[in-house]
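These notes concern the structure reproduced below.
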Amino acid sequence: MTMQRLCQQSALGFVAIALVIFGNSASSNEEDSPVHSYPTQARVEYVNECIAKHDDSLANVYQCSCAIDRIADVLTYDEFVNAITFARYSGLPGEGGGIFRDTDEAKNAAKRFRELEKLAQRECGLKS
């Protein structure tokens, strides 16, 4: 079974689990394309960062592409930008980083994104 097929195999199950976690009203789509459209640049940036986090191996391109597709099944692009921003910058020190780590909105958005990303990566065959 190819990795691409593996990534597409359980998409509907992932969406159902993610919808339970996030309470999102997005409907599952039986096509291979994600529910929400993200700009190509955002997808490429995510895949490149994902590859770098996973042994910097280009062999993970299908799994990382699968993960961003799974995330796009649950979050709109604006929700994705908001959530990933909080998750990325939650470790910034000092007063300037406080907005990304100290507010309830920041904590919740970062936590929810990390949970969704972890689930997406696990479903797509990536090890954390």
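The values are calculated or read from the model by the stated rules, or taken from the named source; none is laboratory data. Given the structure is predicted, the values throughout are model-derived calculations rather than measurements. No Cβ is skipped: glycine too gets one built from the backbone with ideal geometry, and neighbour counts run over all protein chains shown.
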Top-ranked residue in the stretch 38-79 [being touching a residue at least 24 places away in the same chain (Cβ under 8 Å) and of a type in the set (Lys, Arg); ranked as surrounded by the fewest Cβ atoms within 10 Å (Cβ to Cβ)]
43
Residue hits (the stretch 33-61; assigned to a helix (DSSP H, G or I) and in contact with a Leu (Cβ under 7 Å, 6 or more places away or on another chain)) are 51, 60
Quick one: how many residues across the stretch 80-108 are closer than 19 Å to residue 38 by Cα, surrounded by 15 or more Cβ atoms within 10 Å (Cβ to Cβ), modelled with pLDDT under 95 and not polar (S, T, N, Q)?
4
Inspect the stretch 55-75 for any residue being under 13 Å from the mean Cα position of the chain (by Cα), farther than 19 Å from residue 115 by Cβ, modelled with pLDDT of 85 or more and not charged (D, E, K, R) and give the result as yes or no.
yes
